[in-house]
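Worksheet: one structure, shown below.
The values are calculated or read from the model by the stated rules, or taken from the named source; none is laboratory data. Predicted, not measured: the structure shown is a model, and the values here were computed from it. For neighbour counting, all protein chains shown are included, and Cβ atoms are generated from backbone atoms with ideal geometry for every residue, glycine included. Calculation scope for accessible area: heavy atoms of the full protein, side chains included, ligands and nucleic acids excluded. Shrake-Rupley method; radii C 1.70, N 1.55, O 1.52, S 1.80 Å.
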Amino acid sequence: MTVEPHRDCRLCPRLAAFRDRNKDEYPDFFNAPVPSFGATDARLLIVGLAPGLKGANHTGRPFTGDWAGDLLYKMLLKHGLAAGHYDKRADDGLKLVGCAITNAVRCVPPENKPLPFEIKACRRYLTAQIAAMPNVRAILALGKVAHDSVCDTLAVRKSQVPFKHGAAYHLDAVTLVSSYHCSRYNTNTGVLTEAMFDAVVKQAKKAALG
Ligand code: URA
């Protein structure tokens, strides 16, 4: 199983059609399944929801170019999980340190809402990503979709590990740390504060790297 979907992956007809429309509307955007970012020998894997239309779907790098990325990369830089300068571009030279970032769904979904079928279809790539990371010790799931998809990937019953911000579940080989998604909506509504996100990134780093 390859870790990355084909650039013209058609497993999800709705997402492929949306991509085709976006190619017409935004011809200079990446407009393809967004590959994971970071090395496969990392000990921490961060799993997001799906590319944002004008963020990762534009730039071709997870969380790059939108509000969620501004907050995520700020925290990764703060905690030494990234080095360099984040400049909202895939070629800004930013390096991840000891972590990698992927999404539960690799293609941008309309209104940021992937359907259950699409999450399931794309899970093969999440499974392959985790399998390709022999040293992974912790997974930080951003949001319930990511949390549930990681549980399904690891064949863990969700009733035993319910999604809860700040929860850390010690599974066989990895610790699953869950967080509210660092979306603009969650931060604007106060569901997730910067302090809460700071603490959960620190927690995930500790679980992965000690
Ligand atoms: N960008 C991503 O790549 N993933 C998200 O979950 C949100 C924004």
What about Arg89, is it within 15 Å of the ligand (Cβ to nearest atom), buried (at least 21 other Cβ atoms within 10 Å of the Cβ) and farther than 19 Å from Lys113 by Cβ? no
What are the pairs with Cβ atoms under 7 angstrom where one residue, in the stretch 96-120, is closer than 30 Å to His85 by Cβ and the other, located anywhere, is small (Gly, Ala, Ser) and open to solvent by 30 Å² or more (accessible area, probe 1.4 Å)? Sequence gap at least six, or different chains. Leu96/Gly38; Val97/Gly80; Val97/Ala83; Cys99/Gly38; Ala100/Gly38; Ala100/Ala39; Ile101/Gly38
With criteria (1) part of a loop (DSSP other than H, G, I, E, B); (2) open to solvent by 10 Å² or more (accessible area, probe 1.4 Å); (3) in contact (Cβ under 8 Å) with a residue 40 or more places away in the chain, Asp28 comes up short on (3)
The stretch 150-164: number of residues that are within 19 Å of Thr40 (Cβ to Cβ) and crowded, with 19+ Cβ neighbours inside 10 Å: 2
Matching residues, the stretch 81-95, being under 19 Å from Asp198 (Cβ atoms) and without any contact (Cβ under 8 Å) to a residue 60 or more places away in the chain: Ala82, Ala83, Tyr86, Leu94
Taking strands (runs of 3 or more DSSP E) that fall entirely within the stretch 99-210, which contain at least 1 residues that are within 15 Å of the ligand (Cβ to nearest atom)? 99-103, 138-142, 175-179
Give the residue that is surrounded by the most Cβ atoms within 10 Å (Cβ to Cβ), with candidates limited to residues of the stretch 93-121 that are under 18 Å from Val150 (Cβ atoms) and touching a strand residue (DSSP E or B) at 6+ places or on another chain (Cβ under 8 Å). Asn103
Between Leu72, Leu45, Leu53, which is of a type outside the set (Ser, Thr, Tyr), within 14 Å of the ligand (Cβ to nearest atom) and within 19 Å of Thr153 (Cβ to Cβ)? Leu45
With without any contact (Cβ under 8 Å) to a residue 24 or more places away in the chain, out of contact with any Gly (no Cβ under 8 Å at 6 or more places or on another chain) and under 16 Å from Val47 (Cα atoms) as the only criterion, which of Ala141, Ala132, Ala167, Ala128 stands out? Ala167
Report whether or not Lys54 is without any contact (Cβ under 8 Å) to a residue 40 or more places away in the chain, open to solvent by 70 Å² or more (accessible area, probe 1.4 Å) and closer than 18 Å to Gly69 by Cβ. yes
I need the full set of residues from the stretch 17-51 which are touching a Phe, Trp or Tyr at 6+ places or on another chain (Cβ under 7 Å) and polar (S, T, N, Q), in order please. Asn22
